[in-house]
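The values are calculated or read from the model by the stated rules, or taken from the named source; none is laboratory data. Quick caveat: nothing in here was measured; it's all calculated off a predicted structure. Please note: Cβ atoms are built from the backbone with ideal geometry, for glycine as well, and neighbour counts cover all protein chains shown. With ligands, DNA and RNA removed, areas are computed over all heavy atoms of the protein, side chains included. Shrake-Rupley method; radii C 1.70, N 1.55, O 1.52, S 1.80 Å.
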Amino acid sequence: MKVPLFDVTRQYHEIRDEMLQAIDNVLNSGRFIMGPNVEAFEKEMSAYLGVKHAIGVANGSDALYIAVKALGISKGDYVITTAFSFFATASCITRNGATPIFVDIDPKTFNIDLDQVEEVLKSHPKKDKIKAIIPVHLFGRTVDLQRLEKIRNDFGVKIIEDCAQSVGSYWIYSNGEIKKSGSIGDLSTLSFFPTKNLGACGDGGMILTNDDNLADFCKIFRVHGARKKYFHEIEGINSRLDEIQAAILRVKLKYLEQYHEKRIKIARTYNGLFSSLKLDLLEIPQVHDDFRCIFHQYVVRVKDGHRESLKEYLSSKGVETAIYYPLGLHKQKCFSHFEFGSLQNTEKACEEVLALPIFPEITEPEIEYVVKCMDEYFKEAKKC
Ligand SMILES: Cc1ncc(COP(=O)(O)O)c(C=O)c1O
């Protein structure tokens, strides 16, 4: 049996007619850039996430870059973030001339450790220059939004939520209020890269904000800083979401809640099967009821140096896996001039994590096969 990490074509075949119709409508309209579908999709996303403004851009990396720019962050400023993320989480800071301060992760959640964030805000030598925090809701798991809001109030820093992997995840506040990731940031960002939970058939991204002035900045920055064509108020860039992608995303948005529920069910199925096997070299993610993780990835930890050989074994059995991420952002060659310190939990995660196949259309026999292959591997490993 072959089990892919992610299969975009299965989703396509389920909603093929609707998608083709949506594309055909765009082609017939002759409007390909920033037209009625982008406008409607922005409205639908702001309603879905509970945010006043949703601004479509070309990809999630641009969304982050523009968000940092919108806050006026530049040379001499510092931004706290996690080193256990995709490159764009940090390059949006450096591309704006500012310096990242990498904080370690909580080893249980893989998300930025908010105790350490507070510590940095209290005692870092450059604490007066820290302008913002960029938390990432990694693998679809929501960072504690209530605590993030408190940190913002206590320290007066801005928050940019990187929601590239978390569209539709939420946090339940102590008063019972539910807030979705992306709804509390001064600015928040999304990616519609094809493998994301809400994935386009190409690149796409979005900026979210409740602030009218920030929204205004982002809206003109994405079109070369021009409110009126050929009259440039600021030096912006070209970062537009196109009509075909918006039309496709509007179709998929209708099914997004179903897709999330399926992913959560798959994570529970994996967990049930792994728990019954009691594999001591494996640490599985928790499925919580008090907040929602949308399982963009189902990531396990493989202990005692077994990760690479397990990955190879699974590959030999037709099971595709991936490593997010093999090297922390603080150790990337292009950042070597910064001389960041070491981050123990991040480095350990880089050595141990393994993402197993998860996508809404994966079948039970496929999940069972993945678990069976892992069981076989660990039984063999024990004998050696
Ligand atoms: C956490 C995170 N941030 C930012 C991005 C950048 O998004 P894009 O690939 O759409 O530029 C990604 C995409 O992989 C991501 O996973």
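Hey, can you tell me all the residues within the stretch 51-61 that are more than 16 Å from the ligand (Cβ to nearest atom), touching a strand residue (DSSP E or B) at 6+ places or on another chain (Cβ under 6 Å) and open to solvent by 30 Å² or more (accessible area, probe 1.4 Å)? Please lay out each step first, then the result.
Here is the first cut: in the stretch 51-61, the ones more than 16 Å from the ligand (Cβ to nearest atom) are 51-53.
Imposing the further condition that a residue be touching a strand residue (DSSP E or B) at 6+ places or on another chain (Cβ under 6 Å) reduces the set to 51, 53.
Listed by number, the list holds a single entry, H53.
Conditions: (1) open to solvent by less than 20 Å² (accessible area, probe 1.4 Å); (2) in contact (Cβ under 8 Å) with a residue 60 or more places away in the chain; (3) not in a loop (DSSP other than H, G, I, E, B). L354 meets all but one. Number of the miss?
Among (1) open to solvent by less than 20 Å² (accessible area, probe 1.4 Å); (2) in contact (Cβ under 8 Å) with a residue 60 or more places away in the chain; (3) not in a loop (DSSP other than H, G, I, E, B), the lone unmet condition for L354 is (2).
Can you tell me how many residues in the stretch 161-204 are closer than 27 Å to F359 by Cα, hydrophobic (A, V, I, L, M, F, W, C) and under 16 Å from the mean Cα position of the chain (by Cα)? Spell out the reasoning first.
First pass over the stretch 161-204, keeping only residues closer than 27 Å to F359 by Cα: 161-172, 178-183, 188-204.
Within this subset, residues satisfying the condition of being hydrophobic (A, V, I, L, M, F, W, C) are 163-164, 167, 171-172, 178, 190, 192-193, 198, 200-201.
Now drop any that are not under 16 Å from the mean Cα position of the chain (by Cα), which leaves 163-164, 167, 171, 190, 192-193, 198, 200.
So the answer is 9.
Considering only residues that are modelled with pLDDT of 95 or more, part of a loop (DSSP other than H, G, I, E, B) and within 30 Å of I172 (Cβ to Cβ), which ones fall in the stretch 258-317?
I284, P285, C293, I294, F295, H296, Q297
Need pairs with beta-carbon distance below 8 Å; first residue farther than 14 Å from T82 by Cβ and more than 16 Å from the ligand (Cβ to nearest atom) and within the stretch 128-156, second aliphatic (A, V, I, L, M) and part of a loop (DSSP other than H, G, I, E, B); sequence gap 6+ or separate chains.
Every condition considered, the pairs that remain are I130/V157; K131/L71; K131/I73; K131/A98; K131/V157; L145/I184; E149/I184; I151/V157.
Exactly one condition in (1) within 16 Å of the ligand (Cβ to nearest atom); (2) at pLDDT below 95 is false for M34; which is it?
(1)
Can you tell me which residue within the stretch 6-50, out of those that are open to solvent by less than 20 Å² (accessible area, probe 1.4 Å) and in a loop (DSSP other than H, G, I, E, B), is farthest from Y298 (Cα to Cα)?
G35
Each row is one residue, and each column tells you yes or no for (1) farther than 30 Å from I220 by Cβ; (2) not aromatic (F, W, Y).
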{"residue": "Y78", "(1), (2)": "no, no"}
{"residue": "N96", "(1), (2)": "no, yes"}
{"residue": "I105", "(1), (2)": "yes, yes"}
{"residue": "N111", "(1), (2)": "yes, yes"}
{"residue": "L114", "(1), (2)": "yes, yes"}
{"residue": "K122", "(1), (2)": "yes, yes"}
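Tell me yes or no: at least one residue of the stretch 114-127 is in contact with a Ser or Thr (Cβ under 9 Å, 6 or more places away or on another chain), away from the ligand (no atom under 16 Å from the Cβ) and outside the structural domain of D289 (by TED's automatic domain parsing).
First, the residues of the stretch 114-127 that are in contact with a Ser or Thr (Cβ under 9 Å, 6 or more places away or on another chain): 126.
Checking which are away from the ligand (no atom under 16 Å from the Cβ) leaves us with 126.
After this cut, where a residue has to be outside the structural domain of D289 (by TED's automatic domain parsing) as well, the list is 126.
The answer is yes, given that some residue of the stretch 114-127 is in contact with a Ser or Thr (Cβ under 9 Å, 6 or more places away or on another chain), away from the ligand (no atom under 16 Å from the Cβ) and outside the structural domain of D289 (by TED's automatic domain parsing).
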